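First up is the structure itself, then whatever we jot down about it.
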Amino acid sequence: MRKTRRDELTRDYLRELDRRLASLPRSRRRQIREEVEAHIEEGCRQLAPEDGAGTRQVLEQLGEPEEIAREAGAGLQRRTWPEALVPVLLLFGGFVFLVGWLAGVAILWGSPVWRLRDRLLGTLVVPLGLMGVTLIGVVPGAASECLTYGPVGGRMVTHCTGLPPPLATLILLVLVVAAFTVAIHLDRVRRRT
């Protein structure tokens, strides 16, 4: 099926509307989108599929997606200072008797700013943030330990446990990068909404 100019303009308009409505419950978003789609369909009913100017006029009469979202109440509770703290609390809150990290998780799950995927990332990618990375780094056996025993059959025996130092360092580095990447992602989502 060939995409028409009307299809392109409508798709872009609805995509922006969906982005602006992201903080609303799914059922409310669906209801608003269905109403807007019905208005677009009604307004474009007598227009040719390639009539971009007519389609633009119909969309302008509906109003900007931002206006529709604002009238629907989207984004009204979004920009609060606790939400701005979430990335910091998830990274460093574990060092405050774990209470800081738990507070970050509570704000993350209680806020409409983040979707389920973002909430799961913030909670599960590196639990306890950098405190969790620190704990993994100092757990006995996480680093390689080697003990050398006296002559057994005329030779010295060395027995090593744990991960080789280069591998342990690589794992810790990956965890640190993952923690910062998730924090940056959550902050970008918060700023975008």
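Miscellaneous remarks
- Restricting the search to helices (runs of 4 or more DSSP H) fully inside the stretch 42-124 and requiring at least 3 residues that are small (Gly, Ala, Ser) gives 52-62, 99-110.
- Among the candidates Leu24, Leu59, Leu14, residue that is crowded, with 18+ Cβ neighbours inside 10 Å and within 26 Å of Leu116 (Cβ to Cβ): Leu24
- The test for being out of contact with any helix residue (DSSP H, G or I) (no Cβ under 6 Å at 6 or more places or on another chain), farther than 15 Å from Asp187 by Cβ and either modelled with pLDDT under 95 or surrounded by fewer than 18 Cβ atoms within 10 Å (Cβ to Cβ) (or both) holds for Leu124.
- Whenever a residue of the stretch 167-188 is free of Cβ contacts under 8 Å to residues at least 12 places away in the same chain, it has no partner that is exposed (fewer than 14 other Cβ atoms within 10 Å of the Cβ) lying with C-beta atoms less than 8 angstrom away and at least six residues away or across chains.
- Boolean, Glu34 is part of a helix (DSSP H, G or I) and within 27 Å of the chain's Cα centre (by Cα): yes
- Condition check for Thr148: polar (S, T, N, Q), closer than 14 Å to Pro87 by Cα and at pLDDT 75 or above: no
The values are calculated or read from the model by the stated rules, or taken from the named source; none is laboratory data. This one's a predicted model, so the numbers in the text were calculated from it and none came from an experiment. Please note: Cβ atoms are built from the backbone with ideal geometry, for glycine as well, and neighbour counts cover all protein chains shown.
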